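These notes concern the structure reproduced below.
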Amino acid sequence: MIGSYIKTSKRNLLRNKMFSSINIVGLAISMSVGLLLIAFVLDLRSYDRFHKNGDRIYRITNVVRENRVQSGKFATTSIKAGKLIRQKVSGVEEVTIMRHDFSEDATVGDNILPVKGFWADPSVFKVFTFPMLQGNPETALKNPYSIVLTQTSARKLFGNENVVGKMIRFGIADYQVTGLMKDVPFFSHITFEALVSLSTAEQINKNNNFDKWTNMSANYVYIRLPENANMVSIQRQLDAIAKEENLADEKTKIQLELLPLYNIVVGENFHSSEGGPGSLGPHMHPIVLWILGGLALVVILSACFNYTNLSIARAMRRFKEIGIRKAIGAQKGQVWAQFLVESIMISLAALLLSFVLFLILRPQLISLAPEMQRTVKLELTLPMVTAFIFFSVVVGVIAGFLPALFFSKVNAINALRNAASVKGFKHLTLRRTLVVVQYTLTLIFITTTAIGYVQYKNILSFDLGFNTENILNINMQDNKPEAFMKELSEMPEVKSLSRSLIITSVGNAWGGFIKYKDSRDSALVMTNNVDENYLPLHEYKFIAGGNFVARPTTSEAVREIIVNEQFLKRFNISNKNPQKAIDEEITFSNFNIRGRKMKIVGVIKDFHYGKVENLIGPVAFMTWVPGDRAVVNAKIQSKDIMATMAKIEAIWKKIDRVHVFDAKFYNEEIEEAYSEFSAMIKIIGFLSLLAISISSMGLFGMVAFTTETRLKEISIRKVMGASAGSLIYLLSRGFLVMLSISALIALPITYIFFEKYVLSNFPYHTPVQVTELLIGLMAVLLIAFIMIGSQTMKAARANPVKVLKSE
């Protein structure tokens with residue numbers, strides 16, 4: 001019976017080549033989006049699955065409260081927390097502590113290569129599955145100044161030699177290679193070139209609050225639990241540890257929480273602690289996946305609507321077939337199965353074409369943003385191919401469900417009735433309803449793209465409150481900047497130079513808590529350490545006081561601070577009067593500094609320290625001193641930027657032959673900071689193009705069918721004197737009405753969605769303009785008019801004699 005269904009379906013598809021082609025191409029285009037999404041999700045879900053007992057591994061995260069106000073959730077925690085968990089928490093099999101700030105230049109003979117990795121304790125190999133090729137995983141990281149290399153890093157440093165027992169010099173100390181391990185898999189949220197014994201870091205930092213409860217910068221604690229662990233009991237013990245340790249600090253309260261290993265890459269966002277990263281590796285919030293899934297579903301449904309519309313539109317031609325089938329004994333279920341098989345066959349045929357499109361689009365998706373290249377591969381695997389085939393069958397069932405249901409209910413006696421009698425809404429047929437829904441979704445897509453693009457461009461050109469034009473930011477990568485800056489200053493293209501700790505307005509953050517006078521109230525304030533040339537170079541506007549006066553050489557000697565207007569408002573300093581605020585004293589604290597008294601020497605106009613989606617808050621500048629991490633800011637004026645960059649890179653190679661020259665213009669940094677918006681707009685724009693293409697193909701098929709069925713009517717009207725223009729209007733009127741209804745639904749929905757939900761998260765956005773709403777409508781109407789006009793003009797120009805001669 002199934003063979004008969006397949007044979008009959010094949011004949012019907014070949015008999016109606018145009019409709020079959022429209023359905024197959026439309027489904028293939030939409031399914032290619034589904035295939036990309038499936039591959040993307042499967043890659044994200046592949047992270048950390050290579051670890052044995054990965055479902056029992058958890059990361060300890062911190063919820064920090066300052067003065068009873070939650071300041072954020074952090075992926076990092078203190079080393080002390082890890083040690084206390086190991087000592088006091090029962091029901092935990094293993095605990096490992098890792099620290100993410102090992103970045104040194106390795107010297108082996110004449111070779112000098114940068115090596116990045118983690119400080120880690122020996123139990124890292126018990127918690128995680130990082131196979132050792134040489135050395136003993138039990139003892140490899142036990143002793144100070146021990147290091148375990150990955151295959152790639154070992155090959156770079158020693159070639160093909162046996163590395164265990166070899167010595168590597170980092171700075172002034174020699175480290176012994178005690179192990180060789182396999183390279184870390186791509187789908188690991190923890191990536192490194194080497195693991196160095198944590199006891200080494202403890203020796204180096206023994207006088208720097210290294211083991212303090214509140215020092216959670218760059219530290220990560222992971223635990224492995226037994227099967228069927230009592231999570232409530234373990235959380236209760238963590239709470240007990242936190243309660244006891246929090247007694248030592250009145251202001252800072254830390255709560256310990258458990259995060260499953262598999263929820264790190266796809267899961268909740270975590271802040272970065274001062275001086276360290278947030279969540280290691282790539283990260284994707286589940287909401288983003290739901291949004292992408294929803295957009296892909298809309299495109300797929302659009303193609304399914306095409307299939308439904310065209311199948312029901314061809315109903316009259318198949319009613320006799322159905323009537324005969326039922327007259328000779330076919331049951332409702334058999335008719336339903338016949339049309340469902342036909343739909344699945346079209347879907348499977350579309351899968352072949354969609355797979356070709358998938359291979360073409362895959363590199364385009366990966367290259368959308370730099371983060372994408374580091375996050376997914378989209379390589380074919382057996383689970384992925386299986387998911388593709390299953391997805392194709394599901395799409396076939398969805399596309400064919402309504403037509404199969406429609407035809408299965410046709411009575412054999414009434415088999416010659418018109419399918420237009422099937423009602424979807426009160427005054428619209430099912431086919432018209434689907435067209436309206438389809439074009440409503442298409443208009444929402446294309447209008448969203450137009451609005452998103454305009455808003456993105458406005459963000460890039462937004463006035464940040466300081467100048468970023470032609471400023472080149474050069475990361476010194478732990479090199480001292482003085483010699484480099486001296487050579488740069490001799491270049492005629494370099495007009496001015498400054499130094500800073502971080503680059504603001506691109507998502508970087510550094511800060512501490514500030515208190516004014518004897519108030520118990522303190523607040524988190526974002527900061528940046530800059531030299532005396534930084535503010536003039538970037539053209540910050542002073543409204544009171546002036547630049548730094550002192551030139552301290554150590555961080556302990558820094559006592560001057562320059563603040564913005566929001567700083568004065570937050571602490572109500574001198575009744576928010578900038579002139580009177582000069583020489584006022586504040587107290588600064590962070591994880592490493594407690595109660596440092598500082599004096600306000602200048603007040604500048606408010607500017608955007610964070611991204612544009614963040615409200616302007618209190619910000620302070622402090623003096624950059626030797627020993628701080630350095631970013632050199634160079635004001636460039638050149639007619640040949642490429643040649644100037646080559647000169648600067650040549651100077652860099654004089655002072656550092658090991659590290660790659662890392663420099664970007666400020667405007668490039670800003671554009672990269674919003675790359676996720678750019679990627680999202682490109683994705684939605686691409687989906688808009690697909691949606692409008694699929695809708696247009698469906699409309700073309702519907703118009704072609706309509707004109708074909710009304711050809712005799714058109715010929716009679718033409719004989720009676722109707723003009724070509726009046727005939728085009730007659731045939732296109734219904735479609736244009738449907739498009740108008742779609743516009744009346746789509747445009748208000750898009751406007752309200754952006755103004756009430758999307759742009760409300762951007763306090764400095766520009767209002768949605770009428771032109772942004774209408775540009776999408778005009779594009780859709782133009783394409784629809786071409787589709788409708790091409791067919792109606794053809795019908796209007798047909799010779800009435802040839803059409804009517806059979807009557």
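The values are calculated or read from the model by the stated rules, or taken from the named source; none is laboratory data. Everything numeric here is computed off the predicted structure, so don't read it as measured data. Virtual Cβ from ideal backbone geometry, glycine too; neighbours counted across all protein chains shown.
Here residue 575 clears all of (1) more than 36 Å from the chain's Cα centre (by Cα); (2) crowded, with 18+ Cβ neighbours inside 10 Å except the condition numbered (2).
Residue 49 - would you say it is surrounded by fewer than 23 Cβ atoms within 10 Å (Cβ to Cβ), within 26 Å of residue 180 (Cβ to Cβ) and either modelled with pLDDT of 90 or more or not aliphatic (A, V, I, L, M) (or both)? Here the answer is yes, as residue 49 does meet what is asked. Please specify each residue of the stretch 107-130 satisfying the condition of being within 19 Å of residue 167 (Cβ to Cβ) and among the β-branched types (Val, Ile, Thr). 107, 108, 112, 115 - these are the residues of the stretch 107-130 that are within 19 Å of residue 167 (Cβ to Cβ) and among the β-branched types (Val, Ile, Thr).
Among residues belonging to the stretch 233-260 that are small (Gly, Ala, Ser) and under 16 Å from residue 91 (Cβ atoms), point out the one that is surrounded by the fewest Cβ atoms within 10 Å (Cβ to Cβ). Reasoning before the result, please.
In the first step, residues of the stretch 233-260 are kept if they are small (Gly, Ala, Ser); the result is 233, 240, 242, 248.
Checking the rest, the ones that are also under 16 Å from residue 91 (Cβ atoms) come to 233, 240.
Values: 233: 12, 240: 14.
The residue in question is 233.
Inclusion of residue 115 among residues that are part of a strand (DSSP E or B), of a type in the set (A, V, I, L, M, F, W, C) and at pLDDT 95 or above is not warranted. One residue stands out among those in the stretch 755-782 that are assigned to a helix (DSSP H, G or I) and of a type in the set (S, T, N, Q): the one that is modelled with the lowest pLDDT, which is 761. Of the conditions (1) of a type outside the set (Phe, Trp, Tyr); (2) more than 14 Å from residue 142 (Cβ to Cβ); (3) part of a strand (DSSP E or B), residue 190 satisfies every one except a single condition; which number is it? The failed condition is (3).
I'd like to know if the stretch 539-555 contains one or more residues that are at pLDDT below 95, in contact with a Gly (Cβ under 8 Å, 6 or more places away or on another chain) and under 12 Å from residue 588 (Cβ atoms). Checked against the condition, which is being at pLDDT below 95, in contact with a Gly (Cβ under 8 Å, 6 or more places away or on another chain) and under 12 Å from residue 588 (Cβ atoms), the stretch 539-555 yields at least one hit. Does residue 73 satisfy the criteria of being touching a His at 6+ places or on another chain (Cβ under 7 Å), surrounded by fewer than 20 Cβ atoms within 10 Å (Cβ to Cβ) and outside any loop (DSSP other than H, G, I, E, B)? Yes.
Take the residues in the stretch 625-655 that are modelled with pLDDT of 90 or more and part of a loop (DSSP other than H, G, I, E, B); name whichever of them is surrounded by the most Cβ atoms within 10 Å (Cβ to Cβ). Ranking the candidates gives 630 first. Residues considered: 734, 721. Of these, the only one that is assigned to a helix (DSSP H, G or I) and small (Gly, Ala, Ser) is 734. Looking only at residues in the stretch 199-220 that are among the aliphatic types (A, V, I, L, M) and more than 23 Å from residue 254 (Cα to Cα), the one that is modelled with the lowest pLDDT is 204. Whenever a residue of the stretch 739-764 is without any contact (Cβ under 8 Å) to a residue 40 or more places away in the chain, its partners that are among the hydrophobic types (A, V, I, L, M, F, W, C) and assigned to a helix (DSSP H, G or I), lying with C-beta atoms within less than 7 angstrom and at least six residues away or across chains, give the pairs 751/773. When the test is whether a residue is assigned by TED's automatic domain parsing to the domain that holds residue 75, assigned to a loop (DSSP other than H, G, I, E, B) and either out of contact with any His (no Cβ under 6 Å at 6 or more places or on another chain) or within 16 Å of residue 97 (Cβ to Cβ) (or both), residue 239 does not pass it. Exactly one residue among 488, 501 is surrounded by 17 or more Cβ atoms within 10 Å (Cβ to Cβ), in the same structural domain as residue 555 (by TED's automatic domain parsing) and of a type in the set (A, V, I, L, M), and that residue is 501.
Residues in the stretch 455-474 that are outside any loop (DSSP other than H, G, I, E, B) and either surrounded by 17 or more Cβ atoms within 10 Å (Cβ to Cβ) or aromatic (Phe, Trp, Tyr) (or both): 455, 456, 459, 471, 472, 473, 474.
Which residues, taken from the stretch 549-572, are among the polar types (S, T, N, Q), crowded, with 17+ Cβ neighbours inside 10 Å and touching a residue at least 60 places away in the same chain (Cβ under 8 Å)? Scanning the stretch 549-572 gives a single hit, 555. If you go through the stretch 365-409 and keep only what is surrounded by 20 or more Cβ atoms within 10 Å (Cβ to Cβ) and small (Gly, Ala, Ser), you end up with 392, 396, 399, 400, 404, 408. Summed over the stretch 373-406, the residues that are among the hydrophobic types (A, V, I, L, M, F, W, C), out of contact with any Asp or Glu (no Cβ under 9 Å at 6 or more places or on another chain) and at pLDDT below 85 give a count of 5. Look at the stretch 504-548 and say how many of its residues are buried (at least 18 other Cβ atoms within 10 Å of the Cβ) and among the basic types (Lys, Arg). Qualifying residue count for the region: 1.
Every residue, every condition in (1) in the same structural domain as residue 554 (by TED's automatic domain parsing); (2) closer than 14 Å to residue 490 by Cα; (3) touching a helix residue (DSSP H, G or I) at 6+ places or on another chain (Cβ under 9 Å), yes or no:
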| position | (1), (2), (3) |
| --- | --- |
| 619 | yes, no, yes |
| 631 | yes, no, no |
| 645 | no, no, no |
| 650 | no, yes, no |
| 653 | no, no, no |
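Just to be sure before I move on: is residue 148 within 36 Å of the chain's Cα centre (by Cα), crowded, with 17+ Cβ neighbours inside 10 Å and within 11 Å of residue 195 (Cβ to Cβ) in the structure I sent? Yes: the conditions hold for residue 148. Under the condition of being closer than 23 Å to residue 120 by Cβ, in a loop (DSSP other than H, G, I, E, B) and not aliphatic (A, V, I, L, M), the residues counted in the stretch 216-235 number 2.
For the stretch 253-268, the criterion of being assigned by TED's automatic domain parsing to the domain that holds residue 104, basic (Lys, Arg) and in a strand (DSSP E or B) is met by at least one residue. Taking the stretch 146-178 as the range and being at positive phi and either among the aromatic types (Phe, Trp, Tyr) or touching a strand residue (DSSP E or B) at 6+ places or on another chain (Cβ under 8 Å) (or both) as the test, the residues that pass are 165, 171.
Examine the stretch 174-189 for a residue that is without any contact (Cβ under 8 Å) to a residue 60 or more places away in the chain, closer than 18 Å to residue 280 by Cα and within 29 Å of the chain's Cα centre (by Cα), and state whether such a residue exists.
Step one: filter the stretch 174-189 for residues without any contact (Cβ under 8 Å) to a residue 60 or more places away in the chain, giving 174-184.
Now restrict to residues that are closer than 18 Å to residue 280 by Cα: 183-184.
Of the ones still in play, those that are also within 29 Å of the chain's Cα centre (by Cα) are 183-184.
Yes, that holds for at least one residue.
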